[in-house]
Amino acid sequence: MNRLQQVTDYVLLQLSEGRWRPGQRLPSERRLSESLGLSRATVREALVTLKHQRVLYSLPGSGHFVSDLQPTDRLVIETALNEDFSPSHEELREYRFAIEAQCAFLAATRATPEQLKAIERAHRHLKHVHLKDDLKAEGLADARFHLAIAEASGNRILAHSLTSLFALLRENVTLNIRSLAKRPETRLRLMRQHTALFEAIYYQKPDKARSLAQDHMVFVDRILAE
């Protein structure tokens, strides 16, 4: 088990067993660091991941707090703590293929001006890190781009589903990018696909957005298979 997972599992265990309740403030990063024998940087990164998964939230100057967990959140927690649950690349591919094309279609139909700006910022950041040789950062930016699209879908179940699985999505995307890194021309084409998808959503072309999202997943699968 890596160090980040150690922190995440510790927090999820406290929630699963009811030791930490919704609205309750977590121990400070320093105390968690001392309790687990890990660096504060590791603890901080794990807490940020849990915030993205909406398990936690933070208040400036006050620390981290437990979110008001819904039944679906508790299912995610129990699943995360189940050591036998290790989704395959194929399972994640099927999940992403099913959900992301529909999210793109709905985002192109329903996104508010503020949500379009959020997608634009995520796309701009993805282009920025793409130019750097930091595959982990690119994987994170890629995942956040797709999350921004899901959040603009106007369907809270779709958005919540993808957000709850953020960590798995990030790892899956990063793995894909690492596999594609040996072929720079392929990574460039991947970036162009992201740009085309962004433009279809931004200019409200739902059918094109859905088609581009599907083509994007098919392309990644084909290249990885090769």
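The values are calculated or read from the model by the stated rules, or taken from the named source; none is laboratory data. Model, not experiment: these values are computed from the prediction. Methodologically, a virtual Cβ is constructed for each residue, glycine included, from the backbone with ideal geometry; neighbour enumeration extends over all protein chains shown. Keep in mind that these areas ignore ligands, DNA and RNA; they rest on the heavy atoms of the full protein, side chains included. Shrake-Rupley method; radii C 1.70, N 1.55, O 1.52, S 1.80 Å.
Annotation for segment 66-87: no member residue is over 30 Å from ASP207 (Cα atoms), over 22 Å from the mean Cα position of the chain (by Cα), modelled with pLDDT of 75 or more and part of a strand (DSSP E or B).
Here is a yes/no grid of residues against (1) out of contact with any His (no Cβ under 7 Å at 6 or more places or on another chain); (2) buried (at least 16 other Cβ atoms within 10 Å of the Cβ); (3) at pLDDT 85 or above:
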| site | (1), (2), (3) |
| --- | --- |
| LEU168 | yes, yes, no |
| ARG183 | yes, no, no |
| LEU197 | no, yes, yes |
| ASP207 | yes, no, yes |
| LEU212 | yes, yes, yes |
| ASP215 | yes, no, yes |
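SER58 meets the conditions (1) assigned to a strand (DSSP E or B); (2) farther than 27 Å from LEU147 by Cα in every case but one. The failed one is (2). I need the full set of residues from segment 1-53 which are among the aliphatic types (A, V, I, L, M) and not in a helix (DSSP H, G or I), in order please. Residues satisfying the conditions are MET1, LEU26, LEU38.
Inside segment 103-147, residues that are more than 16 Å from the chain's Cα centre (by Cα), in a helix (DSSP H, G or I), within 16 Å of ILE201 (Cα to Cα) and not hydrophobic (A, V, I, L, M, F, W, C) make up a count of 8.
The conditions of being touching a helix residue (DSSP H, G or I) at 6+ places or on another chain (Cβ under 8 Å) and open to solvent by less than 20 Å² (accessible area, probe 1.4 Å) are met by LEU32.
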